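Before any comments, here is the structure.
The values are calculated or read from the model by the stated rules, or taken from the named source; none is laboratory data. A quick note: this is a predicted structure, and the numbers were derived from the prediction, not measured. Glycine gets a Cβ as well: all are built from the backbone with ideal geometry, and neighbour counts include every protein chain shown.
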Amino acid sequence: VYESWALTQTPVYEKPKPQPDGSRVWLVRYQGSFNSPLSLSDYPFEKQTLKIVIEDADDSVKRIVYEPDANPIELDPHITLAGYNFAQPRIKFDTNTYGSSFGDVGTTAEDRTYTRITVEMPVSAPAVSGIVKIVMPIIIVLIASGLGLIIPATYVDSKVNVPITALLALVAMHFVIATSLPEVSYLLMVDVVYLAAYATVTAMLAGAVRGAWVLKSRGEDAAMALERRFLAVTSAIFIVSVAGVLLFYLA
């Protein structure tokens with residue numbers, strides 16, 4: 001619970017309400033702020049599972065066991081969460097056994113077993129949003145960088161300046177994304193994609209520089225042929241690399 005002082009508890013019934021089958025029902029509504037550690041490794045296509053764990057704090061399974069009714073969980077069709085889509089929620093009824101007796105040597109494993117309910121709410125980021133905001137800008141910058149290699153070989157300054165400008169643009173875009181996310185100790189999927197983009201643009205720059213030397217020694221046709229090969233090879237390697245990254249993180 002985050003900010004437990006703000007947690008409110010509102011009983012719907014003052015006393016348990018008898019049911020036609022002889023059982024009793026008692027409802028209470030909780031309202032508050034909750035937090036949970038989230039994994040951003042597959043950002044911007046991340047999938048999260050929001051969990052609510054309810055466990056009896058007083059009585060072990062000797063005295064109380066939670067059992068589901070006919071329809072234990074349902075998702076409100078009007079619920080929304082900015083930037084995420086909800087999937088079908090899940091609920092699990094099980095038990096939790098504490099391995100330590102916490103100094104009470106007279107307890108058994110059954111005495112340390114408590115009934116538990118785990119509610120899981122799967123949410124996922126829309127794929128279209130990640131493609132439009134993250135992937136497409138990278139592809140556009142790479143296309144612009146690749147166009148520099150098909151400029152006539154005699155325009156050496158322009159051919160070199162285009163990949164350099166593209167590299168600076170990628171660094172700026174990556175910096176904006178990195179500063180908008182929490183700091184984590186592991187590489188995000190988007191970080192690996194940007195590293196592949198950096199390597200691709202650097203390879204295109206190397207192709208432009210190599211083409212300038214070939215232009216001096218073997219002429220314009222040989223230089224243009226070399227640069228087109230650089231463009232084809234680097235583009236293919238980038239596509240294969242990104243496909244591998246997506247499979248690794250999203251599989």
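Tabulated results
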quantity: Residue count for segment 1-17, restricted to those that are in contact with a strand residue (DSSP E or B) (Cβ under 7 Å, 6 or more places away or on another chain), modelled with pLDDT of 85 or more and in a loop (DSSP other than H, G, I, E, B); calculated: 2
quantity: Condition met for GLY22 (out of contact with any helix residue (DSSP H, G or I) (no Cβ under 7 Å at 6 or more places or on another chain) and among the small types (Gly, Ala, Ser)); calculated: yes
quantity: Meets criteria (modelled with pLDDT under 95, under 24 Å from the mean Cα position of the chain (by Cα) and either aliphatic (A, V, I, L, M) or farther than 19 Å from VAL240 by Cβ (or both)) for VAL184; calculated: yes
quantity: Some residue of segment 90-98 being touching a residue at least 12 places away in the same chain (Cβ under 8 Å), more than 23 Å from ARG29 (Cα to Cα) and of a type in the set (D, E, K, R); calculated: no
quantity: Failed criterion for LEU167 (all others in (1) in the same structural domain as LEU40 (by TED's automatic domain parsing); (2) in contact (Cβ under 8 Å) with a residue 24 or more places away in the chain; (3) not β-branched (Val, Ile, Thr) hold); calculated: (1)
quantity: Criterion (of a type outside the set (A, V, I, L, M), under 33 Å from the mean Cα position of the chain (by Cα) and at pLDDT below 90) met by exactly one of PRO72, PRO89; calculated: PRO72
quantity: Flag if ARG112 is charged (D, E, K, R), surrounded by 14 or more Cβ atoms within 10 Å (Cβ to Cβ) and within 30 Å of LEU75 (Cβ to Cβ); calculated: no
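Yes or no, residue by residue, for (1) free of Cβ contacts under 8 Å to residues at least 40 places away in the same chain; (2) among the hydroxyl-bearing types (Ser, Thr, Tyr); (3) surrounded by 10 or more Cβ atoms within 10 Å (Cβ to Cβ):
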{"position": "THR8", "(1), (2), (3)": "yes, yes, no"}
{"position": "VAL12", "(1), (2), (3)": "yes, no, yes"}
{"position": "LYS15", "(1), (2), (3)": "yes, no, no"}
{"position": "GLY32", "(1), (2), (3)": "yes, no, yes"}
{"position": "SER36", "(1), (2), (3)": "yes, yes, yes"}
{"position": "LYS47", "(1), (2), (3)": "no, no, yes"}
{"position": "ILE54", "(1), (2), (3)": "no, no, yes"}
